[in-house]
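Below: the structure, in structure tokens.
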Amino acid sequence: MKLGFIGLGQMGSAMAANLLKAGHELTVYNRSAAKAQPLVQLGAHQAVRIADACRGEAVITMLADDPAVTDTVWGEQRLLATLPQGSIHISMSTISVALSKRLTEAHAQSGQRFVAAPVFGRPDAAAAAKLFVVCAGDAAAIEACRVLFEAVGQRTFPIGAEPSAANLVKLSGNFLLAAAIEALGEAIALVGKAGVERSAYVELLTSTLFQASAYRTYGGLIAERRFEPAGFAAPLGLKDIRLALQAAEALRVPMPTASLVHDRLLRLIAQGREHQDWSAVGGLASEDAAAS
């Protein structure tokens, strides 16, 4: 497929590389042009402007937040103005439900198609093409995109015709991860201060009660206090929990645990630790308890 890819951070660069390896013709764009060079060496074309990446059958955006997506989509020589009619904008970013609805309406008015397809997985999973893709939108558009999802992920989960549903599911999943990080941190602080070896404790948990990969990954990071370099930086985690709370308020769904982890992430950033992985929230309980 001939497509564009906009946003070459840790996740986007890995995903774009896997699309190239799968044989797709790729034009890439990033505000910091130097980040495109490794992909150019793999055969990608480098776009000088956003518009230059929006001439194909589809364009993927993998951007940090709502403002970055909004700036990329709207305006002269931007995505919405240059994507051909019938082409598909695939947003794989973690964005708000409100922005997803706005994108759906805007693309429909322009004769384009919009698919929301956020992913679960950290940079190592992106590099290994082992992401989980949650997608929603027009069934025919999703089917057209399936070959792309298969190039970057190990499984695709279509969940409906309304794109914003995929964004809500993604936000709910990140809320659950943040809650697990906080709970793991508190439990590790408790047993650690009593003298139990932290890594052994995590091995016990993840071999018995909590065998999910998230507990294994984050439990290990917390036990080893391995919060740098960040695979998912704390400000991104704070953004996602804030968006989950916004969606919850719109739906009138109380989420007291989300409010708690929001404040824990805010505390981490207030301490000047925005460069750390969001799993550093799991280390706060040990700091509170003065546990070594």
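Annotations
- The range 53-154 holds helices (runs of 4 or more DSSP H) entirely within its bounds, and those carrying 3 or more residues that are hydrophobic (A, V, I, L, M, F, W, C) and buried (at least 23 other Cβ atoms within 10 Å of the Cβ) map to 139-152.
- Residue in the range 183-193 that is over 21 Å from Ala280 (Cα atoms) and not polar (S, T, N, Q) present: no
- From the list Ala233, Ala223, Ala187, the one residue that fits, being within 21 Å of Thr94 (Cα to Cα), at pLDDT 95 or above, assigned by TED's automatic domain parsing to the domain that holds Leu268 and surrounded by 15 or more Cβ atoms within 10 Å (Cβ to Cβ), is Ala233.
- Looking only at residues in the range 232-258 that are hydrophobic (A, V, I, L, M, F, W, C) and free of Cβ contacts under 8 Å to residues at least 24 places away in the same chain, the one that is nearest to Leu63 (Cα to Cα) is Leu245.
- Residue in the range 253-264 that is crowded, with 19+ Cβ neighbours inside 10 Å and closer than 13 Å to Gly185 by Cα present: yes
- Where Ala289 falls short, out of the listed (1) farther than 18 Å from Thr94 by Cβ; (2) within 20 Å of the chain's Cα centre (by Cα): (2)
The values are calculated or read from the model by the stated rules, or taken from the named source; none is laboratory data. Not measured: the values here are computed from a predicted model. Cβ sites come from the backbone with ideal geometry, for glycine too, and all protein chains shown count toward neighbours.
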